[in-house]
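Let me begin by presenting the structure, written as structure tokens, before commenting on it.
Here, each number is a calculation from the coordinates, and none is a lab measurement. These numbers come from a predicted model, not from an experiment. Here Cβ is always computed from backbone atoms with ideal geometry, including for glycine, and neighbour counts include all displayed protein chains.
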Amino acid sequence: MAEEKTKSLKIRFLVLTTLIFCATAGMSLIFINQINKSVIHALGSRFAENQLLYDKARVLLPLSREVALARKLADSSLIKAWAQNEDDPHLKERGLRELEEYRRFFKDGSYFFVIDKSLNYYFNDSHNSYFGNQLRYTIKRGDPESEWYFSVLQNRAHQLNVDFDKKLGVTKVWINIPIYNGKTPLGVIGTGIDLTLFIQTILSGRYEGITNIFLGKGGAIQAHQDISAIDFKTLTKDPSKRKTIFQFIDRERDRNRLSQAMERVQSGERETETFFMKAFEKEYLAGVTYLPNIRWFNLTLMDVDRLLPKRYFTVVVILLGISLLIASSAIAYLLNKLVLTRIGALNQTVETIMNGNLDADLEIGENDEIGSLTRNFSTMTSIIRTNTETLEQQINERTEELKRLSERDSMTMLLNRRGLLERWDIEMNRVSRSGHAMGVLIIDIDLFKSINDTYGHKAGDYVITSIAKAINTSIRSYDHCSRWGGEEFLILLPDCTEEGLQATAQKVRRAIKELGIEFDDKPLAITASLGGYLMTFDENVDSVIGKADIALYEAKRQGRDCYIRYSDELAKQTPPI
């Protein structure tokens with residue numbers, strides 16, 4: 001039907017449009033070509049930015065989890081204690097058990113740990129191949145294969161490195177976390193992600209024509225779908241011998257532009273940056289962003305001809321040429337009504353979306369090529385919007401979960417030191433505004449070491465968790481309780497008085513004493529000593545805890561199983577702890 005109509009119009013308006021066509025054909029073709037370029041550039045740039053943000057979130061979510069889990073393992077007091085006394089069989093057994101516990105949570109199912117004193121390298125994989133024999137080898141100073149270890153310690157920050165371990169026979173993206181005790185190095189700990197799996201899951205794009213490349217410092221290629229292009233052992237390699245992205249960029253101005261873009265996104269001046277450049281002997285729309293959690297750059301190369309094929313616009317140009325041949329006055333009206341107005345509306349919507357409004361409505365109109373393009377763009381925008389919202393929700397949920405875990409003691413689920421200190425700042429701000437006092441109680445389990453020595457650490461752990469529950473049931477819902485040390489607890493009591501502090505302390509003391517704990521059918525007589533202090537807003541945390549400790553020391557001195565409140569007279573007569 002459309003073909004027959006075209007022939008009819010051609011005959012009807014041929015005479016009238018011949019002169020007009022000669023004058024307007026060239027201008028119209030140039031005009032349409034510019035519109036096509038504008039649409040392609042606008043759509044491509046916006047799509048590139050959203051693709052970068054999508055890939056950034058998609059990569060950071062799993063890798064940040066692995067880095068956060070490895071850093072939590074590095075902060076383990078048990079691991080640090082073992083690293084300082086590696087030959088202690090008890091610490092070694094508990095340290096290996098801690099590593100094995102974390103191995104189950106790492107996505108790769110593997111871990112490694114190098115102890116600095118001995119340079120012993122411990123390792124186990126997802127198949128538990130080395131259980132009971134986790135000590136694989138000893139790192140040697142001066143060995144080029146071991147330079148990565150000393151590089152990580154020297155930088156004192158977590159690093160990712162793509163490397164093949166000859167002794168283990170595995171190639172991984174290694175997550176290296178240095179462990180320090182103050183300024184003293186204790187070793188390096190971490191996990192790895194199988195390189196092939198990493199490439200399949202992280203580098204695989206949602207659309208054809210999109211290539212993701214991850215770059216390290218200086219543009220060293222850390223991840224690429226072509227494994228031969230990856231720069232292995234970047235941490236220890238001479239910079240002049242690294243495989244960098246700049247070696248695959250054809251023009252000097254493109255190399256300079258990429259280098260400047262990497263500097264801007266790393267400094268935070270721009271979150272993403274897009275531009276056209278020629279690389280791997282082909283013109284691409286390039287986008288770059290920085291992933292601070294893993295210290296890599298994400299370079300996305302987009303083949304615009306494959307993402308937005310020119311054939312989408314070819315039909316429009318042909319229809320315009322035919323229309324110019326068959327009409328003069330009518331063609332301007334029809335072109336404006338059927339083509340230019342709709343393209344202008346699409347371009348305006350694109351600009352709205354470029355300004356960050358992904359909810360902009362697109363009117364598809366006629367079911368033709370422009371309508372198909374609009375529909376495809378609308379679908380693409382909807383997908384990006386849905387994925388963005390989903391990723392934001394997942395990231396927020398994961399961030400909240402990691403924050404909750406980071407401020408809780410894993411055994412008792414009470415606040416840990418970090419969690420309590422955060423509550424401390426909040427309550428101190430409230431105290432400074434209200435003028436009310438805040439009570440502090442320090443609780444120490446009496447003769448706890450004898451429980452461990454007599455019944456074992458399992459019994460000790462049971463006692464600690466039982467006391468934690470008893471304390472929780474003895475305080476108010478808005479009080480804050482934490483596991484402050486091994487067998488020591490600390491409670492913050494907002495809006496407290498001397499009488500309230502005394503009553504809470506005695507209630508907690510009685511609740512602990514009346515627990516009636518039995519272990520292996522043997523009753524355990526458990527008591528606790530308590531030190532308390534009623535603080536004001538102008539005191540710092542170290543001073544307050546020090547005063548509560550003085551009272552706790554006096555409670556111990558007076559025979560335990562009692563509560564003592566701090567006073568200035570008590571501080572004068574009590575020797576330092």
**Report entry** Whole-Hz couplings from phi, Karplus 6.51/-1.76/1.60, listed for region 417-422; x for Gly and Pro
**Finding:** 4, 4, x, 5, 5, 5
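Note down the relative contact order for region 417-573 as a percent, whole number, built from C-alpha pairs under 8 angstrom at least six residues apart. Intermediate values should be presented prior to the final figure.
On the way: 260 pairs, mean separation 46.0, N = 157.
Once normalised by length, the contact order is 29 percent.
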Query raised in the report: Considering amide H positions built from the backbone, and no H for Pro or chain starts, which residues 5 or more places from THR234, or on another chain, come under 5 Å of its amide H?
Result: VAL162
Query raised in the report: Taking amide H positions as placed 1.01 Å from N in the peptide plane, with prolines and chain starts having none, which residues 5 or more places from TYR180, or on another chain, fall under 5 Å of its amide H?
Result: LEU186
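I need the Kirkwood Rh of region 417-573: take the reciprocal of the average 1/r across all distinct C-alpha pairs and report it in angstrom. Provide the component values of the computation, followed by the final result.
On the way: mean 1/r = 0.0628 Å⁻¹.
Hydrodynamic radius (Kirkwood, Cα pairs) of region 417-573 is 15.9 Å.
Order 146-152, 446-452, 536-542 from most to least packed using the mean count of other Cβ atoms within 10 Å. Spell out each step's value before the answer.
On the way: 146-152: 19.7, 446-452: 15.9, 536-542: 12.1.
Top of the packing list down: 146-152, 446-452, 536-542.
Please compute the contact order of region 495-573 in relative form: average sequence separation of alpha-carbon pairs under 8 Å and at least six residues apart, divided by the residue count, as a percent. Kindly include the intermediate steps, with their values, before the conclusion.
Working: 99 pairs, mean separation 24.1, N = 79.
Worked out over region 495-573, it gives 30 percent.
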Report summary line: Taking a crude spin-label model, label points 7 Å out from Cα along the C-beta direction, the ASP568 to LYS117 distance in nm is 4.7 nm
Report summary line: For ASP125, other-chain or 5+-apart residues with amide H closer than 5 Å (H placed, Pro excluded) are TYR130
Query - Point-to-point label distance, GLN506-ALA229, nm (Cα→Cβ direction, 7 Å offset) - result: 7.6 nm
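In whole percent, what relative contact order does region 69-197 give with Cα contacts below 8 Å and a gap of six or more residues? Walk me through the numbers on the way to the answer.
Details: 213 pairs, mean separation 33.4, N = 129.
Once divided by the residue count of region 69-197, the mean separation gives 26 percent.
Would you work out if region 69-197 is rounded, prolate or oblate? Take a ≥ b ≥ c from the square roots of the eigenvalues of the alpha-carbon gyration tensor; rounded if a/c is under 1.5, else prolate when a/b is larger than b/c, oblate otherwise. Could you put the intermediate results ahead of the total?
Details: a/c = 1.36, a/b = 1.10, b/c = 1.24.
Rounded, because the longest to shortest axis ratio a/c is under 1.5.
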